[in-house]
Amino acid sequence: MDEVTYRAAYKSEWDICMDLAWRTFLKFDAPDYPQEGIDNFREFVTDEVLKNMFHSGEYQLFVAVCAKKIIGIISLRDRNHISLLFVEPVFHRQGVGTGLLRTLTEYMYSEMGQTSVTVNASPYAVGFYHKMGFEDTDIQQLVSGILYTPMILYI
């Protein structure tokens, strides 16, 4: 694999990033979700309000880039909550998700003074987050068709 670099996403990359999230969600997460959850996720990644928040700096988005192609994304909302973390399937289990998480937590700690980060982990991602040191804060939830386990990591 070529070298992977991590950086803040450019405004022009929003649609590419949300397409990556949607395609990856369909492959790995959607099979566990009822139709309501799939529809709600689709609305989320196509929401113009969210896009405008990103453009105004209220919603942080970081990317992993390999050979000039975005291969992974991670986003932050409300200063301490991972909103999206997706990696192109061919790059799974190669450290890209770990690199994205490290990039985000370093930014949160150094730029924002945050000492913890939360996530609502999909069933597919629970093992990854546990491996990264996250702890469950509650049992698995089903809200608006979205199935997740709330977790926290102390930075």
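Things to note:
- For the chain, the fraction of alpha-carbon pairs lying more than 29 Å apart is 10 percent, rounded to a whole number.
- Surrounding net charge for ILE146, when Lys and Arg each add one and Asp and Glu each subtract one, Cβ distance under 12 Å: -4
- 17 Å Cα-Cα reach of LYS69 towards lysines, excluding residues that sit fewer than 8 places from it in its own chain: LYS11
No value in this document is a laboratory result; all are computed from the given coordinates. Here the structure is a predicted model, which means the values were calculated and not measured. Methodologically, a virtual Cβ is constructed for each residue, glycine included, from the backbone with ideal geometry; neighbour enumeration extends over all protein chains shown.
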